[in-house]
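Here's the structure, in C-alpha cells; my notes come after.
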Amino acid sequence: MITNEPHDSVPRPHPAFTVEESIVMRAFAAGQSDKQLCSDLYIPVQAFYRLRRNLMEKTGTRDSAGLHVWALRQQREGGESRRAERHYKWRNPE
C-alpha cells in the first residue's frame, strides 16, 4: 500500500511555515495547479520548486499530490485558515 506518511511513522508536530510557504499552501488547498501558482503569485519556476520541496520536507509528504492532500486536510481541520490565525479581542455590547 502506498501512502504519503513519513517512513518513520512518528507523529510530526505541526510545521511552522514561512509567509511564502503559507501563501503557497493556501493556493494548493484552493486547487490551483503549479503553473497557475507561478503565474498568479509571480514566482519564478525554480523558486516555486524550491518552496514545494521545502513544504514536502516539512509536511512529510513524498510528492505534489501528497502535498495537495495534506493542504486540503489542514484546511478542513482549520489548521491553515486565516480565521484560525486571528485572535479577536472584541465582544458584543451587552
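The values are calculated or read from the model by the stated rules, or taken from the named source; none is laboratory data. Being a predicted model, the structure only gives us computed values, none of them experimental. Neighbour counts run over all protein chains shown; Cβ positions are idealised from the backbone, glycine included. Surface accessibility is based on the protein's heavy atoms, side chains included, excluding ligands, DNA and RNA. Shrake-Rupley method; radii C 1.70, N 1.55, O 1.52, S 1.80 Å.
Yes or no: segment 81-93 includes at least one residue that is surrounded by 13 or more Cβ atoms within 10 Å (Cβ to Cβ) and at pLDDT 85 or above.
Looking for residues that are surrounded by 13 or more Cβ atoms within 10 Å (Cβ to Cβ) and at pLDDT 85 or above, one finds none in segment 81-93, hence no.
Would you confirm whether any residue within segment 41-51 is under 12 Å from the mean Cα position of the chain (by Cα), modelled with pLDDT of 90 or more, surrounded by 12 or more Cβ atoms within 10 Å (Cβ to Cβ) and not polar (S, T, N, Q)?
yes
Among the candidates Gly66, Gly78, single out the residue that is in contact (Cβ under 8 Å) with a residue 40 or more places away in the chain and small (Gly, Ala, Ser).
Among Gly66, Gly78, only Gly66 is in contact (Cβ under 8 Å) with a residue 40 or more places away in the chain and small (Gly, Ala, Ser).
Are any residues in segment 52-65 open to solvent by 60 Å² or more (accessible area, probe 1.4 Å) and part of a loop (DSSP other than H, G, I, E, B), and if so, which ones?
Correct list: Arg62, Asp63.
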